[in-house]
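Take a look at the structure below.
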Amino acid sequence: MSVNPNEKPGPDGTPEAEERPEPDKRPEPAPEPEAEEEPAAKPEQARTAEGAGSAPGAAVPAPGAAAGAGETPSGRRRLADALWPPRVTRAQLVVALLLACLGFGLAIQVSSTSEGSALRGARQEDLVRILDELDDRTQRLEDEKARLEKQRSELESSSDQAEEARRQTREKERQLGILAGTVAAEGPGITLTVTDPVGAVESDMLLDTIQELRAAGAEAIQVDGVRVVADSYFTGGGDDMRIDGTPVTAPYVFKVIGKPEDLEPALNIPGGVVQTLEKEQATATVERSAKIVVDALRPAKRPDYARSSSP
């Protein structure tokens, strides 16, 4: 047996095996975990990090955190944050209340101005005629005022005031008799003839005609031999038309004393008597005359309770 010179003898004389270093068997390093993306730093943390960065030895923020802190919210998010929850101040409530009142007032004004009007679609010549009629009414009132002032001056300047007072009283009695229908009257005016072939004319239509004529200045009115006064009434319609209980039949003939230039336009205004009757398939014709005789009379009626207060 050959002896290796490098081997050392053991205590029993046998050579000991030389200890050789074993090869370096280090454990393989474990795979490093993937770096998780750090959440974006909150604004407070970002500010703290920025403030700490100026101090010596402060930790530098991660690049991912810095990028996250610089991002801005989307437009929808900003709009949602601005609208909800609502933030209403007292000044905003006052402004909203004022705007609501203003809108309500404008709505009422628009509604009132947009309502149907008989004059809205009138022609220019119709509007001119209506204005002339208003001017004529004003003139009549001025004339009445001048007449009354003249009577007062005559009473004050007359040497025989008692005789002048009696004369004016007789004149006033004659005028009141015409209005009451107890005396006949004549003067310029118009004749209105209303034909009703289908019997559609009602009593309220004839009453509207009387009211329109009175508003235009009619002083005496007679319909088919019946004197129309302040307390006259219309009933029935068609074949059973009555005035103050007296039957009248079509065609209805109105004899009216007054200023013809005022009476005729009053009946022909847009939406007036003539147009209303034409809608009911009736016809109304107006004829001016220099002399109209109203001779239908009503009996003088003594009042039951009223008495004169003058001595």
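The values are calculated or read from the model by the stated rules, or taken from the named source; none is laboratory data. Worth saying up front: this structure is predicted, and the values here are computed from it rather than measured. Cβ coordinates were reconstructed from backbone atoms using ideal geometry, including for glycine residues, and neighbour counts include every protein chain displayed. We work out accessible area using only protein heavy atoms, side chains counted, and drop any ligands, DNA or RNA first. Shrake-Rupley method; radii C 1.70, N 1.55, O 1.52, S 1.80 Å.
For this structure, a couple of remarks:
Residue by residue, here is whether (1) open to solvent by 30 Å² or more (accessible area, probe 1.4 Å); (2) of a type in the set (A, V, I, L, M, F, W, C); (3) outside any helix (DSSP H, G or I); (4) in contact (Cβ under 8 Å) with a residue 40 or more places away in the chain holds:
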{"residue": "Arg137", "(1), (2), (3), (4)": "yes, no, no, yes"}
{"residue": "Glu142", "(1), (2), (3), (4)": "yes, no, no, no"}
{"residue": "Glu163", "(1), (2), (3), (4)": "yes, no, no, no"}
{"residue": "Pro197", "(1), (2), (3), (4)": "yes, no, yes, yes"}
{"residue": "Arg214", "(1), (2), (3), (4)": "yes, no, no, no"}
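- Residue, farthest from Val293 (Cα to Cα), within the stretch 216-228, restricted to residues that are under 40 Å from the mean Cα position of the chain (by Cα) and open to solvent by less than 50 Å² (accessible area, probe 1.4 Å): Ala216
- Checked against (1) part of a loop (DSSP other than H, G, I, E, B); (2) in contact with an Asp or Glu (Cβ under 9 Å, 6 or more places away or on another chain); (3) more than 30 Å from Ile130 (Cα to Cα), Pro270 passes all but a single condition, namely (3).
Conditions tested, residue by residue: (1) aliphatic (A, V, I, L, M); (2) touching a Ser or Thr at 6+ places or on another chain (Cβ under 9 Å); (3) modelled with pLDDT under 85; (4) open to solvent by 60 Å² or more (accessible area, probe 1.4 Å).
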site	(1), (2), (3), (4)
Leu98	yes, no, no, yes
Ser117	no, no, yes, yes
Glu125	no, no, yes, yes
Arg129	no, no, yes, yes
Leu134	yes, no, yes, yes
Glu156	no, no, yes, yes
Pro188	no, yes, no, yes
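- The condition of being of a type in the set (Val, Ile, Thr), more than 30 Å from Leu127 (Cβ to Cβ), open to solvent by 80 Å² or more (accessible area, probe 1.4 Å) and in contact (Cβ under 8 Å) with a residue 24 or more places away in the chain holds for Thr249.
- All positions within the stretch 284-297 that are within 26 Å of Gln124 (Cα to Cα), of a type outside the set (D, E, K, R) and surrounded by fewer than 14 Cβ atoms within 10 Å (Cβ to Cβ): Thr285
- Residue in the stretch 212-222 that is on the phi > 0 side of the Ramachandran plot and of a type outside the set (Lys, Arg) present: yes
- Filter result for the condition that a residue is out of contact with any Lys or Arg (no Cβ under 8 Å at 6 or more places or on another chain) and among the small types (Gly, Ala, Ser), over Gly181, Gly177: Gly177
- One residue stands out among those in the stretch 191-210 that are within 34 Å of the chain's Cα centre (by Cα) and among the polar types (S, T, N, Q): the one that is farthest from Ser289 (Cα to Cα), which is Ser203.
- Ala300 being open to solvent by 60 Å² or more (accessible area, probe 1.4 Å), of a type in the set (Gly, Ala, Ser) and within 19 Å of Ile190 (Cβ to Cβ): no
- Glu264 vs. criteria touching a strand residue (DSSP E or B) at 6+ places or on another chain (Cβ under 6 Å), touching a residue at least 12 places away in the same chain (Cβ under 8 Å), closer than 22 Å to Leu131 by Cβ and open to solvent by 20 Å² or more (accessible area, probe 1.4 Å): yes
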